[in-house]
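Student: Have a look at this one.
The values are calculated or read from the model by the stated rules, or taken from the named source; none is laboratory data. Quick caveat: nothing in here was measured; it's all calculated off a predicted structure. We place every Cβ from the backbone using ideal geometry, glycine too, and count neighbours over all the protein chains shown. The accessibility values were calculated without ligands, DNA or RNA, using every heavy atom of the protein model including side chains. Shrake-Rupley method; radii C 1.70, N 1.55, O 1.52, S 1.80 Å.
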Amino acid sequence: MAMAHDFPPDLLTAQEELHQVTGTLTALLKGLPWSVEPHPGFSDPDTWRPRKRPATDGWPEKDHAEVQRLRDRQRKLTITVVTHPFWATLEGPDRVTARMQLKHAHDAAPAT
């Protein structure tokens, strides 16, 4: 049976924010055009896996800036989580198990 870990509050907070930022970024990217820059589109029907993309004006500047802001925050939070001193208290399989549990710690939060 997997051991439950008592994660430090700052580590839990960073992981939760990382989860939220990643979700926000994913949703934003799904709504943006396929090309960052304006592109006339293309059709490639004669390949083993035909592809077609419509013409696009590219990403609006405000969305481009928001994607960059979210990616920067995601990178900083990832560094915070991965390099947290808590991980030095665990070894081998215990560290791996704890990292997996941390990723889902927000799922098991008690209802208030």
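Student: Could you count how many residues in segment 48-84 are over 30 Å from Lys103 (Cα atoms), open to solvent by less than 90 Å² (accessible area, probe 1.4 Å) and touching a residue at least 12 places away in the same chain (Cβ under 8 Å)?
Tutor: Of the residues in segment 48-84, 5 are over 30 Å from Lys103 (Cα atoms), open to solvent by less than 90 Å² (accessible area, probe 1.4 Å) and touching a residue at least 12 places away in the same chain (Cβ under 8 Å).
Student: State the number of residues belonging to segment 22-47 that are among the small types (Gly, Ala, Ser), within 16 Å of Gln68 (Cα to Cα) and open to solvent by 60 Å² or more (accessible area, probe 1.4 Å).
Tutor: The total comes to 2.
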